[in-house]
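These notes are about the structure you will find just below.
The values are calculated or read from the model by the stated rules, or taken from the named source; none is laboratory data. Not measured: the values here are computed from a predicted model. For neighbour counting, all protein chains shown are included, and Cβ atoms are generated from backbone atoms with ideal geometry for every residue, glycine included.
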Amino acid sequence: MQQEDLLTEAKEFFETYKKEIGKYAKHGKKSVIVSFSDIASFSHELAENIFKSPEDMLRLLELALDELGFLSNARVRLIDLPESQSMKIRDIRAKHLGQMICIDGIIRQASDVRPQVVNARFECPSCGTIISVLQIDSRFVEPSRCSCGRKGGFRLVGKDMIDAQRIIIEESPESLSGGEQPRRLPIFLKEDLVEPKMEERTTPGARIRIVGILKEVTQFTPSGSQKTTYNLSVDANNLIPLEETYEDLDISEEDEKQIKELATDPELYKKLRESIAPSVYGYEEIKEAIALQLFGGIRKCRSDKTFSRGDMHILLVGDPGVAKSVMLKFVSMVAPKGRYISGKAATGAGMTATVVRDEYMRGWALEAGTMVLANKGIACLDELEKMAPEDRSAMHEAMEQQTVTISKANVQATLRAETSVLGAANPKFGRFDPYQPVAQQINLEPTLINRFDLIFTLRDLPERAKDEAIATHVLLEHRKLAAKQPIDPLLFRKYVAYAKQKIVPELTDKAVEEIKNFYVELRNAPVFSDELVKPIPISARQLEAIIRLAEGSARARLSKKITKEDTKRAIDLMKFSLTQVGFDYETKTIDIDRISTGVPASERSRIILVREAVARLESRMGKLIPFEELLGDLEGKITENELEEIIDKLKRTGDVYEPRKGYLSKV
């Protein structure tokens, strides 16, 4: 077909696309997204020519759009390329040069957006002719000669500039097999692909799909002569983000209707529970808490201009083989911007942010880690106890202040990390022991454990009826006969996104009263023990956690008011969590210190008793205190084994030492 025929055909095609083009014009867009399958079904010739000479055809399509007068100077961006054009970076060969290809990958580096010359105009000093030179190569090109015969010495009178950015994408880990190294490829983005809204989606670590034309890039030797080998790059026609935040999810009128219908369902919470990791049997309370975590609370600015976080953090501690990782994997897939990482393979820099030397800008560049990449999403951290302590300490700020402050080389930056954390850890000795504080069992700092709103234990205890139900469920899963999710995964995502976008619930008077009563009553509950130190059952941190859970519960119903029922649901989950990990079997009460400090009140009482006895005996007997004397002084109050344990602890903290066997001295 001739150029004129193709142009006519393109115009006819755009005539059928009027409605879509109108939408783009209405929103002031500078480009029109066209589905390749629509072009192929309209005209076989147009589709074929896009493969043969993509650059010329794109220019022709843009000319057709311009001549129709729908949008001036608009760009045509293609989507839905056929499978044959989708390829891995490692499969690209010389035969693909000049072709329109489609590549998926993860952004590894992104340069700053800079102006680039696309056309330069020169004036001939001899005859005054204006010569236009298209700047296609990376080097600036001047005209070689003028029509009047003059060579060189032309004067630059004007140039056309566009915004351009260079990103480097890397193959995603899922597409690799065995020990293959991921390959990288530079991509050039221009014009509306580097607009501020688009640039937000091209941060390092984001997953994208690139539709573009494969080009060769000339290489030069240090002396300036041209090499025989070429580098590859892709001139991007379209960039499609493969990850969406809750704000970016597109919700149609039909979706909205389904969402509102689901919100009025009397069995809503049951359906939400069952839609979380349906391949895992049981754990209703944990699944409900995870569902509320996805909805999240509200980030608020306090009167003194500080912020209180709205994101919830949940920690699962449990025996091996109780499907902790399955739940984490599921949540990382269902939540937009979900990230899954395993403790042993994570470092502090990988979790927060790191400074690397930038090859292109010749300086230092910032690379974001998991907590920053999952901003407004969820980070699932498996095997938390296997992380190095210095790496774990990097999480403290990200979890409470929701920022990551970095000060390395000449980079001083504060990054946002409004991320919910769902963590999982295994106890030190394989199985969870309810009689020991959590902090002692999972090797995590009490300060970090304290940042989790809810801590759940998953215990693997033999129980005939439950074991039969689990076995049946697992076998049905293997035979692919298990019941389907009550809420479709895509609708579930859209439901959560809709709630986060539109619903900002507020506390009602009844809800405030309910939370206040629970907090005050539990803190001041009578303690039936004669210990010196009274246990503190709950702290202000748990109070804030209850508010966040209640907000999540109201959001799940798409309600703008937090009712008494929402607060009851939140309180029940908090009680369930506290009785699992905060119950002190000696004092028969809930003791928050079992979680927050790792030393329960009953143990702290014994430490105080021993310290007082040591001080008493020192004033009576001098520096050297025989162990037997100390045991006799504390007879009836403490057993020999307990005394030995406490002395060991006091030795470790540097309060006492053993100058010779059987004797103690205060430091």
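Here are a few things to note about the model shown:
- Subset of the stretch 186-239 [in a strand (DSSP E or B), acidic (Asp, Glu) and touching a Ser or Thr at 6+ places or on another chain (Cβ under 9 Å)]: Glu216
- Those helices (runs of 4 or more DSSP H) lying entirely in the stretch 359-439 with at least 2 residues in the same structural domain as Met312 (by TED's automatic domain parsing) and among the aliphatic types (A, V, I, L, M): 370-373, 395-400
Yes/no matrix, rows are residues, columns are (1) out of contact with any Leu (no Cβ under 9 Å at 6 or more places or on another chain); (2) part of a helix (DSSP H, G or I); (3) assigned by TED's automatic domain parsing to the domain that holds Ile213:
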site	(1), (2), (3)
Leu7	no, yes, no
Tyr24	no, yes, no
Ile33	no, no, no
Arg59	yes, yes, no
Leu63	no, yes, no
Leu71	no, no, no
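Results for (1) modelled with pLDDT of 90 or more; (2) among the hydroxyl-bearing types (Ser, Thr, Tyr); (3) exposed (fewer than 14 other Cβ atoms within 10 Å of the Cβ); (4) within 22 Å of Ala40 (Cα to Cα), shown as yes or no for each residue.
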position	(1), (2), (3), (4)
Asp66	no, no, yes, yes
Gly69	no, no, yes, no
Ser72	no, yes, yes, no
Arg77	no, no, no, yes
Asp80	no, no, no, yes
Glu83	no, no, yes, yes
Lys88	no, no, no, no
Cys102	yes, no, no, yes
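- Matching option when the condition is of a type in the set (A, V, I, L, M, F, W, C) and either within 30 Å of Thr370 (Cα to Cα) or buried (at least 18 other Cβ atoms within 10 Å of the Cβ) (or both), among Phe154, Phe140: Phe154
- Set Gln441, Gln402: member being farther than 28 Å from Phe295 by Cα and buried (at least 19 other Cβ atoms within 10 Å of the Cβ): Gln441
- Residues of the stretch 468-487 satisfying the condition of being without any contact (Cβ under 8 Å) to a residue 60 or more places away in the chain and surrounded by 12 or more Cβ atoms within 10 Å (Cβ to Cβ): Thr472, Leu476
- When we screen Leu650, Leu664, Leu643, Leu630 for residues that are within 30 Å of Ile455 (Cβ to Cβ) and either modelled with pLDDT of 75 or more or part of a loop (DSSP other than H, G, I, E, B) (or both), the only hit is Leu650.
- Given (1) of a type in the set (Val, Ile, Thr); (2) closer than 17 Å to Arg90 by Cβ; (3) not in a strand (DSSP E or B), index of the condition Ile251 fails: (2)
- Selection of the stretch 117-132 for residues being part of a strand (DSSP E or B) and surrounded by fewer than 18 Cβ atoms within 10 Å (Cβ to Cβ) yields Val117, Val118, Asn119, Arg121, Glu123, Ile130, Ile131, Ser132.
- The stretch 8-27 - residue that is within 41 Å of the chain's Cα centre (by Cα) and hydroxyl-bearing (Ser, Thr, Tyr) and, of those, farthest from Glu45 (Cα to Cα): Tyr24
- Within the stretch 488-523, tally of residues that are touching a residue at least 60 places away in the same chain (Cβ under 8 Å) and not hydroxyl-bearing (Ser, Thr, Tyr): 13
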